[in-house]
Amino acid sequence: MTNKKINFGAGPAKIPEAVMEKAASEFLVYGNSGISILEMSHRSADFTAIIKETEKLMREEMSIPNEFEVLFMQGGGTGQFAAIPMNIARGKTVADYAITGTWSDKAAKEAEKYIDIHKVFAPTKPYTSISSYSSWEKKSDAAYLYYCANETVHGIEFHTPPEAHPDVPLVADISSNFLSRPFDFTNHGIVFGGTQKNLGAAGLTVALVRKDLIGHEARHCPSILSYKEMHANNSVYNTPSVYGIYITKLVLEWIRDGGGVDKLFATNQEKSRLMYDIIDSSAGFFSCPVEKAHRSHMNVPFRIGGGDEALEATFLKGATERGMIGLKGHRSVGGIRASIYNAVTLDETRALVDYMNEFEAANRK
């Protein structure tokens, strides 16, 4: 694989090479089935074993409490934006939302089709921080309090969960920091995320739903988004993302065999430290807009030369020539963004930092 690139893309993102090698070796024929997983019935004994093992690994590697069900769904995180209010409103008419970036904002706009939205603080653009929890205005009668644990576009991360009223469950979108760090399930009702950043391929969404919140869906909730239907049918109410579940199983095995989530978190902290250190020590040549207390370990956005778009274009061109791709910032904010998910290695991160050092030396005025 001499032409293999270093993929810093925000998603779909890098998959561990060991996982892809294993998948390649089993692609044409899986085990003793005589067929590829792509051809396999989702109701076959072989696939039933795969999905059960995937759930088992998910529970073990994430330390999921017994009171949560593991549901394998479709529709991405965006589908959950609608599924959540339709499933857990439980007769309540309002839900609390913490708007800290693009994805929590999109979630609120989708949810308001089904429930009244109350923003616990006034969102301010550009998104660069998270308001102090003590300043949040929360409703004691809210159906839930929703937050995005890691804003992929803006590089803002909750390093500790927010606080909610005792009877108000937290709902966390962890699409872009899934299993990148230990997760505290305390007070949470739903924890969900797409797998295309840290857990495998696009097309699969994992929803971890507290058992007492299942079975309250609205009459107009589509069966494909119903937690009750998905739970009752062991996530095969319809044809699931068969290959996506298999890839996630392989990623979970890779996490387990590599030392688990604690080992990943230590590596992720070191990768992000390398990135932020060079940004902060550059005397403004590189700059990250996010307040230090809320910087993401997964997505590192930065500008060059105070937002010099020509200089940033030169940087991106040079990165591509060096085999580094996916570094262009989201179209809504511009600049550069390095997504250093679990599969991105420490050496790959160092390669980017070395290039940043070289670029600064050559272009600082």
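The values are calculated or read from the model by the stated rules, or taken from the named source; none is laboratory data. Because the structure is predicted, anything quoted here is derived from the model rather than measured. No Cβ is skipped: glycine too gets one built from the backbone with ideal geometry, and neighbour counts run over all protein chains shown. With ligands, DNA and RNA removed, areas are computed over all heavy atoms of the protein, side chains included. Shrake-Rupley method; radii C 1.70, N 1.55, O 1.52, S 1.80 Å.
At a glance:
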read-out: Accessible-area order (highest first, 1.4 angstrom probe) of the listed residues Ser296, Ser140; value: Ser140, Ser296
read-out: Computed Kirkwood radius, in angstrom, where 1/r is averaged over Cα pairs of the range 259-356; value: 13.8 Å
read-out: Kyte-Doolittle mean at least 0.0 and Cα axial length at least 20 Å: DSSP H helices in the chain; value: 242-257
read-out: Rounded percent of accessible protein surface that carbon and sulfur make up, the range 296-365, 1.4 Å probe; value: 51 percent
read-out: Projected label distance in nm at Lys106 and Arg350, using a 7 Å step from Cα toward the beta-carbon; value: 3.5 nm
read-out: Against the rule of thumb 2.2 N^0.38 Å, how large the Cα Rg of the range 96-173 comes out; value: 1.00
read-out: Shape category assigned to the range 94-140 from the gyration tensor of Cα positions, a/c cut at 1.5; value: oblate
read-out: Accessible area expressed per residue, the chain, with surrounding protein chains retained (probe 1.4 Å, Å²); value: 43 Å²
read-out: His294 accessible area, 1.4 Å probe, all protein chains in place, Å² to nearest 10; value: 40 Å²
read-out: Length-normalised contact order for the chain - Cα pairs under 8 Å, 6+ apart - percent; value: 23 percent
read-out: Viscosity 1.306 mPa s, temperature 10 °C, Stokes-Einstein D of the range 10-101 from Kirkwood C-alpha radius, µm²/s; value: 94 µm²/s
read-out: Above-threshold pairs, the threshold being 28 Å between Cα atoms, out of Lys109/Lys249; Lys109/Lys138; Lys52/Lys228; Lys22/Lys56; Lys139/Lys328; Lys14/Lys228; value: Lys109/Lys249; Lys139/Lys328; Lys14/Lys228
read-out: Solvent-accessible surface (1.4 angstrom probe) belonging to Phe81, in square angstrom, nearest 10; value: 10 Å²
read-out: Residue among Pro222, Ile278, Tyr246 farthest towards the positive dipole end of the range 210-293, charges placed on Cβ; value: Pro222
read-out: Spin-label pair Ala18/Ser33, simplified geometry with 7 Å Cα→Cβ offset, distance in nm; value: 2.3 nm
read-out: Sulfur and carbon atoms: percent of accessible area, the range 29-172 [1.4 Å]; value: 47 percent
read-out: C-alpha center-to-center spacing [the range 1-50, the range 129-187] in angstrom; value: 32 Å
read-out: Solvent exposure, largest accessible area first (probe 1.4 Å, DNA, RNA and ligands not counted), of His188, His231; value: His231, His188
read-out: GNM result for the chain, Cα springs below 10 Å: residue of Tyr127, Tyr114, Tyr30 fluctuating most strongly; value: Tyr30
read-out: For the range 141-237, Kirkwood radius (reciprocal of mean inverse C-alpha pair distance, Å); value: 14.5 Å
read-out: Accessible area, probe 1.4 Å, largest first, for residues Glu348, Glu60; value: Glu60, Glu348
read-out: The range 165-277: relative contact order in percent, alpha carbon pairs under 8 Å with at least 6 residues between; value: 23 percent
read-out: Rounded to the nearest 10 Å², the accessible area of Glu253 at probe 1.4 Å; value: 40 Å²
read-out: Cα gyration tensor shape of the range 61-213, rounded if a/c is under 1.5, else prolate or oblate by comparing a/b with b/c; value: rounded
